[in-house]
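Let me begin by presenting the structure, written as structure tokens, before commenting on it.
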Amino acid sequence: MQMSPYTPGTIAEEIPGRESQLSLISQRLERVAQLGEMNKQFEIFVGPRGVGKTSLLRKAEKLAKQRQFETIWVTAGNSELAAALIDECYRTVEATSNKLASALKSSLQRMKITLPVVTLDLQQHEQSNLPTQPAERVLEAAFKAATDAALQSGKKGLVVFIDELQQADKASLTALAFAWQHLQAEADHLPLAIFTAGLGNTRDVLTDSASFAERFSYRHLANLSPQESKLALILPAGKLGVKWHTEALKTALEFAAGYPHFLQLIGDCAWEVAGDPDADEEITAVQAAAAGELFKSKRTEFFASRLAKTTEKELELLQAMATLQERKLRRADIAKALGVSTTDISAQRASLLSKGLIEAPEYGYLQFTAPGFGKYIREVYAL
Ligand SMILES: Nc1ncnc2c1ncn2[C@@H]1O[C@H](COP(=O)(O)OP(=O)(O)OP(=O)(O)O)[C@@H](O)[C@H]1O
Ligand SMILES: [Mg+2]
């Protein structure tokens, strides 16, 4: 009896299909380490909910640690992003014990005091009578100090990771974009890199905070190909000496339709139905078919909880999309189905994008993010 190696709802250890992204990250890190220079590109991996953004970033974090980089990880959305980043930089500086670091520490400590500028709490700032520092300059200095501290403690440099970038507050995004732009221009010999991830609307959110952010490097993460999906099912079981029968694999792949979250879910269901198999056992076709039933009920819960979070207006748009088809749809066609103009649906479009229920695969188009969601909506509302 072995515990399931599948990870629905948590990050995946094996991430087939992400080799090109990992090799890009690896090359960037190699270059930063060898030349001691900044990776100037602000890297952003974008994709819908459940596609594997956090798993990729966590793998990248591991790579960076293995290569002797100091790392900082922040998930945006809980508090102000700039403040969280400065706190993490401060922690890095604080952790270095040598003498030079103490100078850095005290300068960062002073900057922390000017943080009200970051939070845009100007009233508090005026009362405190401290010299003002624009938030982007504080961030810039914090990144420099933390990178220096990393070098002093024998590391190759600093790698910053930010997840859920689209959730960050606007003031912080502006500060971060400007800080990075300053560093690009001014800090050649700084072994620093940034890798971030966000939903499909990240570009819109970022460019809204700083127009030049449209030139940042956006890389789209898509669902997995059939071959990659196969690996996603075979590899975790294989590590425990368990095989999938060819027919069982075929059934599971059809249910998952290349969506990483569903691959983990069907894998987990199959593992359960197969009775937590021991090494040398095989998941059979019959077990996979039974796992499919279990999967369907879990998928229904998943879709229902997504629908429960929508407003009436959002639901109208989803229903119109569902009646059209599953694949990518022209915005104009969706508006036409609702009998309104494309601008009339822009508010719902934006909120559904920010909830990750739909994505814009290219300009002027929309599609559902999870396979089968459209069909589910048609069934629930008898469309
Ligand atoms: N390359 C992959 N192959 C197989 N499964 C994966 C892969 N990447 C991620 N997963 C699995 O897919 C699910 C979603 O992964 P993850 O949380 O990384 O996605 P995400 O894009 O960050 O989602 P969210 O937007 O909800 O935060 C998890 O169950 C994870 O184990
Ligand atoms: Mg995530």
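State the number of residues belonging to the stretch 47-83 that are without any contact (Cβ under 8 Å) to a residue 40 or more places away in the chain and among the small types (Gly, Ala, Ser). Break it down into steps so the answer makes sense when it comes.
Restricting attention to the stretch 47-83, the residues satisfying the condition of being without any contact (Cβ under 8 Å) to a residue 40 or more places away in the chain are 62, 65-66, 78-79.
If we keep only those that are among the small types (Gly, Ala, Ser) too, we end up with 79.
Number of matching residues: 1.
Applying the criterion of being over 17 Å from residue 311 (Cα atoms) and in contact with a helix residue (DSSP H, G or I) (Cβ under 9 Å, 6 or more places away or on another chain) to the residues of the stretch 348-362, the residue that is least open to solvent (accessible area, probe 1.4 Å) is 359. For the stretch 293-349, the set of residues classified as of a type in the set (Asp, Glu) and assigned to a helix (DSSP H, G or I) consists of 293, 301, 312, 314, 316, 333, 344, listed by residue number.
Kindly indicate the residue of the stretch 1-21 that is charged (D, E, K, R) and open to solvent by 40 Å² or more (accessible area, probe 1.4 Å) and also nearest to ligand 1 (Cβ to nearest atom) among those meeting that condition. Working first, answer last.
Restricting attention to the stretch 1-21, the residues satisfying the condition of being charged (D, E, K, R) are 13-14, 18-19.
From what's left, open to solvent by 40 Å² or more (accessible area, probe 1.4 Å): 13-14, 19.
Working: 13: 8, 14: 6, 19: 10 Å.
Checking each candidate, the answer is 14.
Residue 269 meets each of the listed conditions (1) touching a Lys or Arg at 6+ places or on another chain (Cβ under 8 Å); (2) outside the structural domain of residue 242 (by TED's automatic domain parsing) apart from (2).
Name the residues in the stretch 224-235 that are open to solvent by 50 Å² or more (accessible area, probe 1.4 Å) and either aliphatic (A, V, I, L, M) or touching a helix residue (DSSP H, G or I) at 6+ places or on another chain (Cβ under 7 Å) (or both), would you? Listed by number, the residues that qualify are 226, 230, 231, 234, 235. The residues of the stretch 22-51 that are outside any helix (DSSP H, G or I), open to solvent by 20 Å² or more (accessible area, probe 1.4 Å) and within 16 Å of ligand 1 (Cβ to nearest atom), listed by number, are 49, 50.
Taken together, the criteria place residue 137 among residues that are closer than 30 Å to residue 354 by Cα, of a type outside the set (Asp, Glu) and either modelled with pLDDT under 90 or outside the structural domain of residue 38 (by TED's automatic domain parsing) (or both). Of all residues in the stretch 187-230, those satisfying the criterion of being under 23 Å from residue 358 (Cβ atoms) and of a type in the set (Ser, Thr, Tyr) are 196, 202, 207, 209, 218, 225, 229. Can you find a residue that is touching a residue at least 24 places away in the same chain (Cβ under 8 Å), within 16 Å of ligand 2 (Cβ to nearest atom), under 18 Å from the mean Cα position of the chain (by Cα) and open to solvent by 10 Å² or more (accessible area, probe 1.4 Å) anywhere in the stretch 238-259? Within the stretch 238-259 (the criterion being touching a residue at least 24 places away in the same chain (Cβ under 8 Å), within 16 Å of ligand 2 (Cβ to nearest atom), under 18 Å from the mean Cα position of the chain (by Cα) and open to solvent by 10 Å² or more (accessible area, probe 1.4 Å)), the answer is no, since none of the residues qualifies. Of all residues in the stretch 284-300, none are within 16 Å of ligand 2 (Cβ to nearest atom), crowded, with 16+ Cβ neighbours inside 10 Å and under 26 Å from the mean Cα position of the chain (by Cα).
The values are calculated or read from the model by the stated rules, or taken from the named source; none is laboratory data. None of the values given here were measured: they were computed from a predicted structure. Please note: Cβ atoms are built from the backbone with ideal geometry, for glycine as well, and neighbour counts cover all protein chains shown. The accessibility values were calculated without ligands, DNA or RNA, using every heavy atom of the protein model including side chains. Shrake-Rupley method; radii C 1.70, N 1.55, O 1.52, S 1.80 Å.
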